[in-house]
Amino acid sequence: MSYKVPFVDIPKQYQNIKEEVLKTFDGILSRGDLILRKDVEEFEKNIASFVGTKYAVGVNSGTDTMFFALKALGVKEGDEVITVSHTFVASIGVIVQAGAKPILIEVKEDFTMDMDILEGAITPKTKAIIPVHLNGRTCQMDKLMEIAKKHNLVVIEDAAQSLGAKFGGKMAGSFGWAGSFSLYPFKILGCFGDGGVLTTNDENLAEKARLLRDHGQKTKTEIVYFGFNSRLDNIQAAFLNVKFKHLPEWIERRREIAAVYDNGLNGISGIELPPAPDSDSKYFDVYQNYVLKAQKRDELFSFLKEKGVETLIKDPIANHHQVGLGLSGFKLPLTEKLAEKVISLPLYPELTQKQIEYVIECVRNFYE
Ligand SMILES: Cc1ncc(COP(=O)(O)O)c(C=O)c1O
């Protein structure tokens, strides 16, 4: 089905940068630079300087960046790692895959970890905290870092959805021991396939992540431990370097669109809006997703679909209620309530003013 307003518009983004992309493609193939070449290095430098960390390491996904951080930390059976249930399942999956036990806690109404209950979840077995900066908004990082410091805990920021988001002027991915970003195509900075990047100020962690992504191969002849094949493709890195030049303007556009939505949707009874840009000076949100809490959510979804507006209902079943995951021991009432209400509207730099206004009009028509 073709939508008047698709949820994302990769073809349109491609049209806007087509010349640069094709030139890059031609350059890479003409040079034969496919695996761990200079474009990966250049991308890592770009990200490290943007986020404000000493190092960045490109890998094949946002999942592996977190997994490698946990492996590098050496978590093992019996260890606990605290995160939230209201997130993409990868934030929890990496803890299980690394051999530790996920401890899931509640979020606040802004969808980020509730710092008022974090301390109560810490036990002598806790090794790390994975705060998730969801939808382009950071967690309350001053409180989190204070608690982590007090209990001597490692922080691995799941910033998959929040490249460019800030708290107190400081970038997501620069607070903790490790920052983890996804470069999945629909992300703020996405490649044409899968990718991820880890940020850190710890030289050791950067080195371990580089080894883990490439079978532990330190040099062509020396292998220091077993690793994985999780390299960021050089061609993807080259495309990311093209897109990286547009990142500041794309972030600004996302914030502009969020402000237009905020203005146009304000006051409709039946929906709650996410925090508006600059509604709290501590937060600089980048609106990876524009998520409403909506009454009659499923009817709204169908209505908008009929009108040609594609929306997304992500995780209508809370992760701890997914039968196959074995997490049913957690009771998280707000998370469960959010799973019934959340719906994301289209938000990406390529949206036209007309499309945004049409989405607003459709949502208004549904409720009024
Ligand atoms: C919050 C969150 N964490 C982790 C990930 C995993 O990233 P990837 O898909 O690149 O492995 C995602 C991706 O959607 C995500 O949104």
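Looking at this model, which pairs from 38/243; 314/341; 18/314; 127/218 are more than 20 angstrom apart at the alpha-carbon? Cα-Cα > 20 Å for 18/314; 127/218; rest within. Rounded to the nearest 500, the 222 nm mean residue ellipticity of the chain from helices alone is -12000 deg cm²/dmol, with -39,500 (n - 2.57) taken per DSSP H run of at least 4 residues. What's the whole-number percent of alpha carbon pairs in the chain lying beyond 40 angstrom? More than 40 Å apart: 13 percent of the Cα pairs in the chain. Per the Kirkwood formula applied to alpha carbons, region 264-337 shows a radius of gyration over Rh ratio, Rg over Rh, of 1.03. What would the Debye formula give as log10 I(q)/I(0) at q = 0.19, 0.20, 0.23, 0.32 Å⁻¹ for the alpha-carbon point model of region 316-368, no solvent? Log-scaled intensity ratios, in q order: -0.74, -0.76, -0.85, -1.19. Under Stokes-Einstein, with the Kirkwood radius over Cα pairs as Rh, the value for region 231-362 at 25 °C and 0.890 mPa s is 145 µm²/s. Across 162, 30, 230, mean-square fluctuation computed from a Gaussian network of the chain (C-alpha pairs under 10 Å connected) peaks at 30.
Please work out the Cα center distance from region 114-178 to region 297-330, rounded to the nearest Å. Rounded to whole Å, the Cα centres lie 26 Å apart.
Please report the spacing between the Cα centers of region 223-243 and region 45-73 in Å, no decimals. For region 223-243 versus region 45-73, the Cα centre distance is 11 Å. Taken about its Cα centre, the chain carries a charge dipole of about 540 debye when Lys and Arg each add +1 at the Cβ and Asp and Glu each add -1 at the Cβ. If a/c stays under 1.5 just call it rounded; otherwise compare a/b with b/c (prolate if a/b is bigger, oblate if not). Do that for region 94-138, with a ≥ b ≥ c from the square roots of the Cα gyration tensor eigenvalues. Oblate is the answer for region 94-138, as a/c is 1.5 or above yet b/c matches or exceeds a/b.
Of the listed residues 328, 91, the order by accessible area with a 1.4 Å probe, largest first, is 328, 91.
Loop-resident GluC sites (Glu not before Pro) (DSSP state other than H, G, I, E or B) in region 199-265 with no more than 16 further Cβ atoms inside 10 Å of their Cβ: 222. Each of 31, 364 has its accessible area taken with a 1.4 Å probe; listed largest first, they run 31, 364.
The length gained by stretching the chain between residue 224 and residue 26 to full extension, at 0.36 nm per residue less their Cα-Cα distance, is 67.7 nm. Sorted largest first, the principal axis extents computed over the alpha-carbon atoms of region 210-282 equal 64, 26, 23 Å.
The values are calculated or read from the model by the stated rules, or taken from the named source; none is laboratory data. Only a predicted model underlies this, so the values are computations on that prediction, with no experimental measurement involved. Ideal geometry is used to build each Cβ from the backbone, glycine not excepted, and the neighbour counts take in all protein chains shown. Please note that ligands, DNA and RNA were not included when accessible areas were found on the heavy atoms of the full protein model with its side chains. Shrake-Rupley method; radii C 1.70, N 1.55, O 1.52, S 1.80 Å.
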